[in-house]
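Student: Have a look at this one before I ask anything.
The values are calculated or read from the model by the stated rules, or taken from the named source; none is laboratory data. Note that the structure is a prediction, hence the values are computed from the model and not measured. Reconstructed Cβ throughout: ideal geometry from the backbone, glycine too, with neighbour counts over all protein chains shown.
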Amino acid sequence: IEAEVDPQRLAQALAHLIADVAGVDATGNAPASAGGYMDNTVVVAAAQRGEVVRIEVRGPYSGGDPVHEPIVRGIVRAHGGVLQTHEVPGMSG
């Protein structure tokens, strides 16, 4: 996949996406485990179809900390892209 991007800004966007689905809040704190085992796996996948590059990030939390999405949306928009969020049935993030 080849694209002209600002690597620091793209890394910042990915970091915020990952933090969001990992449940990390704006202060950098992760949620405390309520006991028992919790799968903390975060999956990042990228694919290209024609001129469209899709980056998908999934994790144990559905996101929602108000700081992450606006930052990612702004970075993606500055690169000519669009941020789309989806809830996947049976998955949290």
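Student: Just to check your reading of the model, which residue among PRO60, PRO31 is touching a residue at least 12 places away in the same chain (Cβ under 8 Å) and touching a Phe, Trp or Tyr at 6+ places or on another chain (Cβ under 9 Å)?
Tutor: When all the criteria are applied, what remains is PRO31.
Student: Could you run through region 1-55 and say how many residues are charged (D, E, K, R), modelled with pLDDT of 85 or more and either touching a Leu at 6+ places or on another chain (Cβ under 8 Å) or farther than 19 Å from PRO70 by Cα (or both)?
Tutor: 1
Student: Name the residues in region 49-58 that are assigned to a strand (DSSP E or B) and under 16 Å from VAL76 (Cα atoms), would you?
Tutor: Residues satisfying the conditions are VAL52, VAL53, ARG54, ILE55, GLU56, VAL57.
Student: Those residues that are surrounded by 15 or more Cβ atoms within 10 Å (Cβ to Cβ) and assigned to a helix (DSSP H, G or I), I need them from region 15-31; list them, please.
Tutor: HIS16, LEU17, ILE18, ALA19, ASP20, VAL21, ALA22
Student: Which residues, taken from region 67-89, are modelled with pLDDT under 85 and more than 13 Å from the chain's Cα centre (by Cα)?
Tutor: Across region 67-89, the qualifying residues are VAL88, PRO89.
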